[in-house]
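Contents: one structure, followed by commentary.
The values are calculated or read from the model by the stated rules, or taken from the named source; none is laboratory data. Keep in mind that what you see is a predicted model, and the values were worked out from it rather than measured. All Cβ positions, glycine included, derive from the backbone under ideal geometry; neighbour counts span all protein chains shown.
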Amino acid sequence: MMRLTLSLSDNPAATAVERAIMEFRSARPVVIDGAQGSALAVGVENLDEAMSVEIGAMAGGHAHLVLPAARLRRLGLERDTPGRVALPVVDRSRVELLALRTDGRIDAPVRPADPRDEEALELARLSLMLPAVIVVPLAPGVEIDPSLLRVSGEAVRGYRRANALDLKIVSRAPVPLEGAPTSEFVVFRGGEGLRDQVAIIVGKPDLSKPVTVRLHSACLTGDLFGSLKCDCGDQLRETVRFMAHNEGGVLLYLDQEGRGNGIANKIRAYKLQSQGYDTYDADEVLGFEADQRRFDFAAVMLKELGVGKVRLMTNNPEKIAALSQAGLDVISDHRVLGRPTAENVSYLAAKRDRAGHYIDLEGMLACSNKD
Ligand SMILES: Nc1nc2c(ncn2[C@@H]2O[C@H](COP(=O)(O)OP(=O)(O)OP(=O)(O)O)[C@@H](O)[C@H]2O)c(=O)[nH]1
Ligand SMILES: [Zn+2]
């Protein structure tokens, strides 16, 4: 019989990681293979009673919980690297106390995470899940369920670096927008998680001159539903309006919900905010550093569209720095302000005070009082 083989993937390491992401999200353990041997990894958010029993039985006392530096700091340790806590028994409520609860406390020594632990955490982050993972080292020669997916730790570790900038245009068409009837949507695919990233060319910008550009990270609650907790919806609409009235521009709508943490983690953070945590402290409770986003792939999109010189609409110094570092000529940067509301003032103040965003809150409040 003839055997047909297709080598469909030109990047098997990346494909293996993308499969691992799907497994991890579907609550199936993933085996991470590395120089120090193999280990089984399970996301804490997928640990139900049945899974705890199963993992506990298989671990024979050798499981541990891996937590990122941000979470360890919240638990009162001075850390800038991840660590692990032994789990002699896999007890779900203890795991939750350590990984996620606001009354969490450290009840056992925290050892430095090894490379495999870090790779397991990276897999959780890439999966847009809570960055807290149970890792079970596998003794050499131990038999494991052959249906479990295996991925090389090195592939996980290198995934972001190797794939983030690999995007291609897959479709484009005119889409008239309210107030900006000459607009074109250009869809890119690739990069981290093979997501679709959208560029909206508003009007007919002259690409040989500096082009007005905005990088806008997706915010389902604000952009679509007009959430009062942030300024995103206002910024989005103001950007389109400004571009339509000022020689056009390019708006990149980036699939980076929740500052790159994903919608599930953002809503977890909102729950903490409803209990009094500010936007950055809430993320830290969940194990996230101040901002997970990278913007270098946005520069790739702009270059692909033929944009070289940029007038950037943003209040975020990181966006300005990222585009310049990626080789674009950022001629100027302009503020793009929403309306202050009772619900978003503390969010705007936190972005100004803790992340150095250029937000003149007093000016915004004075303007809105005049209206
Ligand atoms: N994790 C987290 N993300 C949030 C919160 N509020 C809003 N976001 C997300 O923050 C991002 C804001 O995106 P942008 O408006 O592009 O970014 P920015 O960093 O404020 O910068 P500029 O608006 O350009 O000044 C979106 O991805 C929102 O979903 C929050 O409380 N927690
Ligand atoms: Zn928002």
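Some observations on this one:
- Considering the range 1-111, the qualifying helices (runs of 4 or more DSSP H), each wholly inside and each with 3 or more residues that are in the same structural domain as Val135 (by the TED database) and in contact with an Asp or Glu (Cβ under 7 Å, 6 or more places away or on another chain), run over 69-74.
- Tyr277 being among the hydroxyl-bearing types (Ser, Thr, Tyr), in a helix (DSSP H, G or I) and at pLDDT 95 or above: no
Matching residues to (1) away from ligand 2 (no atom under 16 Å from the Cβ); (2) of a type in the set (Phe, Trp, Tyr); (3) surrounded by 14 or more Cβ atoms within 10 Å (Cβ to Cβ):
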position: Gly153; (1), (2), (3): yes, no, yes
position: Pro181; (1), (2), (3): yes, no, no
position: Phe185; (1), (2), (3): yes, yes, yes
position: Ala199; (1), (2), (3): yes, no, yes
position: Arg214; (1), (2), (3): no, no, yes
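- Enumeration of residues in the range 10-20 that are in contact (Cβ under 8 Å) with a residue 40 or more places away in the chain and either under 16 Å from Arg161 (Cβ atoms) or among the charged types (D, E, K, R) (or both): Asn11, Ala13, Ala14, Ala16, Val17, Glu18, Arg19
- Residue pairs whose Cβ atoms lie under 6 Å apart, sitting 6 or more positions apart in sequence or on different chains, and linking a residue in the range 219-234 that is under 18 Å from Ser368 (Cα atoms) and within 10 Å of ligand 1 (Cβ to nearest atom) to a partner that is of a type in the set (S, T, N, Q) and assigned to a loop (DSSP other than H, G, I, E, B), are Lys229/Asn344; Cys230/Asn344; Asp231/Asn344.
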